[in-house]
Every structure is written in structure tokens, then in C-alpha cells.
Amino acid sequence: MESFNDISVYALLLKGDSFGEWVYDDEGKINNGKPFVIYTETVRAFMDAVEKKEQKFETVLEKSKEGALKGEAEKEVAFALLKSVVGSEKYAPGTVLSRLKDGTIQSILSKL
């Protein structure tokens, strides 16, 4: 079984963190005037750690089947979900901030 200690430690590190904030550039000088998020150092480190960790699709599929038979989520499946949330930031800015503020990421981290 793969270890996710390097990722699960962020459950503690993110407690009490402000996560980040939306920035609105009314003058249109930054990011073509589109709003964007500035994340805290802790969140940026968390996102980098998740993105850098490799995971094989075959492992996720196998563990997903095992978990379904037991009626529980396997760590590899929880990490795959976490990786998809962090990865979606590229296409939907603010996704990570929203999922941190509503507790989704913390809930997933507790499964690792």
C-alpha cells in the first residue's frame, strides 16, 4: 500500500490557515482583468505536493474495486479525488479555495 504521509500532514498544516483570497483588478492590468486567487504559502506547498506525487491509474482502479467490495474508500482513491480537485484549479480558478473553505479537502485528507 502506498504511503500518503507527505500529503496527509497538510491536514494539520492547513488548520487555522486563511487559505488565500480572490484578487479583483478593476483596472485590467493583471490577468487581463480577470479575478484570480492568491494562495497562502501553505496552500501552494500543498498543491505542489499533490501535483508532484505520481499515481498509476491501474492502482486506483484496483483499490476502487477493493473498497467497493468492503464499502469503504481506499486511500489511493481518496488521493485520486484530491489530485483531481487540485488539478482542476488550472481550468477553474478558485476551485481549491472553495473546496478548502467548505471542508471538502480536509475531509479527503482525513481518509489518507
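All of the numbers you see were taken from the coordinates with simple rules; none came from a lab. Bear in mind the structure is a predicted one, so any value in this text is a computation, not a measurement. Cβ coordinates were reconstructed from backbone atoms using ideal geometry, including for glycine residues, and neighbour counts include every protein chain displayed.
Rounded, prolate or oblate: which fits the stretch 1-54, taking a ≥ b ≥ c as square roots of the Cα gyration tensor eigenvalues, rounded meaning a/c under 1.5, else prolate when a/b beats b/c?
Oblate is the answer for the stretch 1-54, as a/c is 1.5 or above yet b/c matches or exceeds a/b.
Angle, helix 57-70 long axis vs. longest principal axis of the chain, Cα atoms, 0 to 90°, nearest 10?
Roughly 60 degrees between the two axes.
Do the sum for the chain: with -39,500 (n - 2.57) for every DSSP H run of n ≥ 4, divided by all residues, what is the mean residue ellipticity at 222 nm, to the nearest 500 deg cm²/dmol?
Helix-only estimate at 222 nm: -15000 deg cm²/dmol.
What is the Rg over Rh value, at two decimals, for the chain, using alpha-carbon atoms and the Kirkwood definition of Rh?
When Rh is taken as the Kirkwood radius, the ratio is 1.04.
Compare the peptides 74-80, 90-96 by average per-residue count of other Cβ atoms within 10 angstrom and give them in order, highest first.
Averaged packing, sorted descending, gives the order 74-80, 90-96.
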